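Read the figures in this text as sums done on the coordinates, not as results from a lab. Given the structure is predicted, the values throughout are model-derived calculations rather than measurements. Every residue, glycine among them, receives a Cβ derived from its backbone with ideal geometry; neighbour counts consider all protein chains shown.
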Amino acid sequence: MPDPILVFVEQRDGKIKRPSLEAVSEASRLAKASGTSVSAAIVGSDVQALAADIGKAGAEKVYVIDDPRFKRYAAEGYAKAVVEAMRRAGATRLFLAATAMGKDLAPTIAGLTGSAVATDCTELKLDGDRLIGRRPVCAGKLFADVAFKKSPGIYTLRPNVFPQSRDGSATPAVETLRLEASDADSRSPVKDVVATAAGKVELTEASIVVSAGRGLSAPEHFKMRDELAAVLGAAVGASRAVVDAGWRPHAEQVGQTGKTVSPNLYIAIAVSGAIQHLAGMSSSKVIVAINKDADAPIFKIANYGIVGDAFEVVPALTEELKRVLHH
Amino acid sequence: MILAVCIKRVPDTNARPQVAPDGKSINPQGIEWVINPYDEFAIEEALRLKEKAGTGEVVGVSVDPDGNESILRKALAMGVDRGILVKGGSMFDGAVTAELLAGVLKNVKADLILFGKQAVDSDSYQVPSLVAHHLGLPRANVVTKLEIQGTKAVCRRQIEGNEELLELSTPCIVSCQKGLNEPRYPSLKGIMAAKKKPLEVLEAPPIEARIEILKMEPPPPRPPGRIVGKGREAVPELVRLLREEAKVI
């Protein structure tokens with residue numbers, strides 16, 4: 001069978017991260033097109049029961065590495081577990097979701113296997129026996145088509161780009177793997193997880209993002225952004241200018257020195273559209289801009305723009321959405 | 001304490017780089033090059049740790065295909081003590097960069113090796129972890145807070161909506177995220193001093209390429225922007241379009 005694919009499925013606190021199921025779904029789509037197989041590896045403690053959801057997304061087989069040592073993430077131990085699953089599956093391609101964990105883990109696996117990582121792919125296409133990853137460089141100002149000169153090819157897939165499938169079997173084959181413990185497995189263990197923004201929607205995984213910029217003129221005015229986001233169940237973002245001014249934390253920054261996002265809907269409030277900001281959000285499917293300056297660069301890429309004062313338009317938009325969506 | 005900082009020369013983020021005539025690389029013409037913005041946090045952190053300790057050395061290391069020393073000079077002007085420039089490697093093959101860096105760093109014998117969390121041109125996030133693998137060192141990526149306690153490095157690492165707390169034993173590798181500190185500007189005195197600081201230039205040995213870039217191109221253009229209307233009167237029409245035309249809410 002040519003080039004079987006293994007997908008690392010991320011779980012935190014016993015819950016699978018959705019972007020991992022997107023990666024399984026994409027792997028399954030490619031495997032069908034090339035006549036190969038898809039398996040998945042899940043690492044953690046008490047994670048056996050999660051195999052059904054992984055099967056539904058399209059994995060034919062799930063390798064479970066269930067060990068109390070892996071209750072919390074440790075890059076080296078997780079990497080060793082995934083490499084063992086790749087060996088068992090004969091996989092020459094590895095997919096991971098480009099989440100914080102995926103982007104941390106992938107290069108350690110690349111180290112163990114003598115390969116490299118194609119990070120944050122937004123498209124994967126078969127070309128003969130090559131699998132080409134299309135990925136943003138310079139935060140999406142350009143896109144590069146990357147192929148591997150050496151096996152395995154390791155690809156991380158950008159969240160919220162590949163559709164999640166639910167057509168697979170809820171009873172995939174399951175194989176439990178045991179690993180010999182060694183000190184090197186926990187060179188970089190996570191000791192604790194500290195909540196900084198509990199309950200909020202994560203920016204890079206959100207299907208709707210509401211961002212605001214310096215045009216809101218003071219930190220206290222970001223409440224209107226948050227209220228609009230709450231009605232839509234959206235994540236909140238900010239421009240570099242307001243982060244540099246200390247109005248908002250860096251975790252909210254969208255753009256080349258912040259986060260790159262591709263939601264279905266991106267609403268930019270009083271964001272002028274500096275080139276670094278546009279680089280981080282212009283792959284959003286639908287962009288809405290609200291700005292009082294009709295010449296703001298953001299209007300050039302906005303599918304829908306309203307020229308007007310955010311202080312007037314945003315509360316009106318929040319009210320209208322409340323009225324329309326909750327009836 | 002010996003602190004190593006790995007830095008990369010990248011295109012200024014204020015510019016939109018163009019594709020070179022070969023169709024698979026960035027056209028260097030007209031580009032202004034800068035220190036990778038995240039590497040500035042790494043430099044600043046190294047300088048602060050040395051200042052706090054009152055002793056030590058900060059070594060800047062850079063791999064540059066053109067052998068250009070401009071950003072290492074800037075790092076020296078900020079206060080880095082000496083530089084090592086490896087001429088060779090590739091802008092986008094991080095596995096090659098990592099092997100070259102590891103080759104240099106194993107001789108530097110630093111207690112702490114600092115990186116930016118990603119280079120803003122290749123955006124791969126892979127070099128710090130690969131170097132950690134080659135050197136057999138612990139590492140923490142995307143760090144917003146770092147505290148050295150004896151032979152322990154206590155790191156806070158940014159993840160989705162939370163932070164992870166890691167305690168690494170030194171020597172170790174830390175990649176830096178915005179928020180860690182506020183990088184300084186080089187002083188005039190620093191710029192003058194930088195000219196006399198040692199900067200060693202090494203030729204890169206041949207390293208096997210892991211990836212091949214087949215094509216590079218700008219993203220497809222978005223449809224031209226469309227103004228729905230002015231002020232709050234345009235809101236009902238916007239909501240209608242989002243529901244009925246775009247179908248995103």
Pseudo-spin-label distance A:ASP244 to B:ARG48, built 7 Å along Cα→Cβ, given in nm, is 1.9
Extension length gain for A:ARG178 and A:ALA230 (0.36 nm per residue less Cα distance), in nm, is 14.3 nm
Once A:LYS200 and A:ALA294 are pulled to full extension, the length gained, defined as 0.36 nm per residue separation minus their Cα-Cα distance, is 30.6 nm
Under a Gaussian network model of chain A whose springs join Cα atoms within less than 10 Å, the largest fluctuation of A:ALA184, A:ALA302, A:ALA41 belongs to A:ALA184
Diffusion coefficient in µm²/s returned for the protein assembly as shown by Stokes-Einstein, Kirkwood Rh over C-alpha pairs, 25 °C and 0.890 mPa s, is 100
Computed over chain A: longest principal axis from alpha-carbon atoms vs helix A:100-113 long axis, angle to nearest 10 degrees, is 30
In degrees, nearest 10, the alpha-carbon axis of helix A:18-34 is tilted away from the dominant principal axis of the alpha carbons of chain A by 60
Kirkwood calc, chain B, C-alpha pairs only, radius in angstrom 20.0
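I'd like the FRET efficiency for A:GLU312 and B:ASP12, computed as 1/(1 + (r/R0)^6) with the beta carbon distance as r and R0 of 41 Å, rounded to 0.05.
Efficiency computed from Cβ-Cβ geometry: 0.65.
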Long-range alpha-carbon pairs in region A:5-186, meaning those over 20 Å apart, account in percent for 47
Projected onto the charge dipole of chain A (unit charges on the beta-carbon of Lys, Arg, Asp and Glu, signs +1, +1, -1, -1), the Cα from A:VAL271, A:GLY133, A:ILE65 with the largest positive-side position is that of A:GLY133
Expressed in nanometres to one decimal, the distance between label points 7 Å along Cα→Cβ at B:ILE31 and A:ASP129 is 3.4
Here the averaged projected area of chain A, based on the convex hull of its alpha-carbon atoms and given in nm², is 17.7
Between the Cα axis of helix A:222-232 and the main Cα principal axis of chain A, the angle (0 to 90°, nearest 10) is 60
In nm, the gap between the two label points placed 7 Å beyond Cα toward Cβ at A:LYS285 and A:LYS223 is 3.3
Hits for chain B under the membrane-span-like helix rule (DSSP H, Cα axial span at least 15 Å, Kyte-Doolittle mean at least 0.0) are B:94-108
In whole angstrom, the spacing between the Cα centers of region B:1-62 and region A:238-290 equals 23
The distance between the Cα centres of region A:19-71 and region A:148-181, in whole Å, is 5
Rounded to the nearest 500, the 222 nm mean residue ellipticity computed for chain A from DSSP H runs (n ≥ 4, each -39500 (n - 2.57)) alone is -8500 deg cm²/dmol
Here the equivalent ellipsoid of region A:206-327, derived from its Cα gyration tensor, has semi-axes (largest first, whole Å) of 19, 15, 15
Taking R0 as 51 Å and r as the Cβ-Cβ distance between B:ALA209 and A:LYS322, the FRET efficiency 1/(1 + (r/R0)^6), rounded to the nearest 0.05, comes to 0.40
Taking r as the C-beta separation of B:VAL154 and B:ILE227 and R0 as 35 Å, the FRET efficiency to the nearest 0.05 is 0.10
Counting all Cα-Cα pairs in region A:26-66, those more than 12 Å apart amount in percent to 55
Taking 0.36 nm per residue of separation between B:ASP22 and B:VAL201 and subtracting their Cα-Cα distance, the length gained on full extension comes to 61.6 nm
From DSSP H assignment alone, runs of 4+ in chain B each adding -39500 (n - 2.57), the sum over residues rounded to the nearest 500 puts [θ] at 222 nm at -7500 deg cm²/dmol
